[in-house]
Amino acid sequence: MAVNGIKLKLQQFHSKIEKELDRTVEFWMTHSHDEEYGGFYTCLGRDGKVYDELKYGWLQGRQVWMYCKLYNEVERFHKPDILQAAVKGAEFLMKNVKDPETMKCYFSMTRDGSPIKIQRTIFAECFYMLAMSEVARATKTAKYKEEAVNMLRKIQYWVKVDDTELGRPKLSGMKAVNGLAVPMMLLYIISELTSDDIPLTNEFKELEEWTVQQALQHVSDFRKCVN
């Protein structure tokens, strides 16, 4: 009886999560799309009304990735309107979020895509890469795959070779630090991009091994994390 009760609760929980996911996707599909300028509104009230038209590079990339991930992996979301929305979002990213000269991605921009702020980190670029990788998988379109690969190569350069392009001045009093966020993020985006591509797996194998070693520096043994 105990086992059957657990199975029933798990089934109920799974059903609830499915309904919440359906409700969430419907909300964003209905209210977040900017049909005039492209991209997505992300500052929405519970009623779906836009209370701020600013757009954010992280969130634009995440929404494209999420739409495509659902389209690619969940049968009931394998719908043309979801893919079309993702592709429009990807085009907005390529046109407005990435600086074609530096490959840096803007953190925030106006509704029409004019840049407002850029960060001295790699995270906007990581979300850009994730979006391009997943939309390439959904559409089988080479230009999106090329965008993803080129961005990961650039991120690798910033992280391992020279980070001055990120806008971080080298000051005499600075101490060397080793954060956990960058290697953990790199592990994830490498996994996403190379999961079905053996040549890319081989190309980024050294980077993947390096990120693991960086992350392990935050662990004293397999039971304790370094604060």
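The values are calculated or read from the model by the stated rules, or taken from the named source; none is laboratory data. Note that the coordinates shown come from a computational prediction; the quantities given were computed from them, not determined experimentally. Note that we place each Cβ from the backbone using ideal geometry, even for glycine, and neighbour counts take in every protein chain shown. For accessibility, only protein heavy atoms count, side chains too; no ligands or nucleic acids. Shrake-Rupley method; radii C 1.70, N 1.55, O 1.52, S 1.80 Å.
Here THR42 does not qualify as polar (S, T, N, Q) and open to solvent by 70 Å² or more (accessible area, probe 1.4 Å). Is it fair to say ALA148 is closer than 26 Å to LYS55 by Cβ, modelled with pLDDT under 95 and within 15 Å of the chain's Cα centre (by Cα)? No, not satisfied. Report whether or not VAL87 is of a type in the set (A, V, I, L, M), at pLDDT 95 or above and surrounded by fewer than 19 Cβ atoms within 10 Å (Cβ to Cβ). Answer is yes for this residue. Which of (1) open to solvent by 10 Å² or more (accessible area, probe 1.4 Å); (2) in contact with a strand residue (DSSP E or B) (Cβ under 7 Å, 6 or more places away or on another chain); (3) within 13 Å of PHE127 (Cα to Cα); (4) not small (Gly, Ala, Ser) is the odd one out, the single condition ASN96 does not satisfy? Evaluating ASN96 over (1) open to solvent by 10 Å² or more (accessible area, probe 1.4 Å); (2) in contact with a strand residue (DSSP E or B) (Cβ under 7 Å, 6 or more places away or on another chain); (3) within 13 Å of PHE127 (Cα to Cα); (4) not small (Gly, Ala, Ser) leaves (3) as the failure.
If you take the residues of the range 47-73 that are in a loop (DSSP other than H, G, I, E, B) and without any contact (Cβ under 8 Å) to a residue 24 or more places away in the chain, which of them is most open to solvent (accessible area, probe 1.4 Å)? Looking at the filtered set, the residue picked out is LYS49. The residues on offer are ALA131, ALA85, and the sole one that is of a type outside the set (Ser, Thr, Tyr), within 30 Å of GLU20 (Cβ to Cβ), in contact (Cβ under 8 Å) with a residue 40 or more places away in the chain and in contact with a strand residue (DSSP E or B) (Cβ under 8 Å, 6 or more places away or on another chain) is ALA85.
Considering GLU20, GLU26, the condition of being part of a helix (DSSP H, G or I), of a type in the set (Asp, Glu) and open to solvent by 90 Å² or more (accessible area, probe 1.4 Å) is satisfied by GLU26 alone.
Residues that are open to solvent by less than 70 Å² (accessible area, probe 1.4 Å) and either over 26 Å from GLU73 (Cβ atoms) or not in a helix (DSSP H, G or I) (or both) within the range 183-209 comprise ASP197, PHE204, listed in sequence order.
Does GLY173 meet the test of being closer than 26 Å to PHE40 by Cα and part of a loop (DSSP other than H, G, I, E, B)? Judged against the criteria, GLY173 is not a match.
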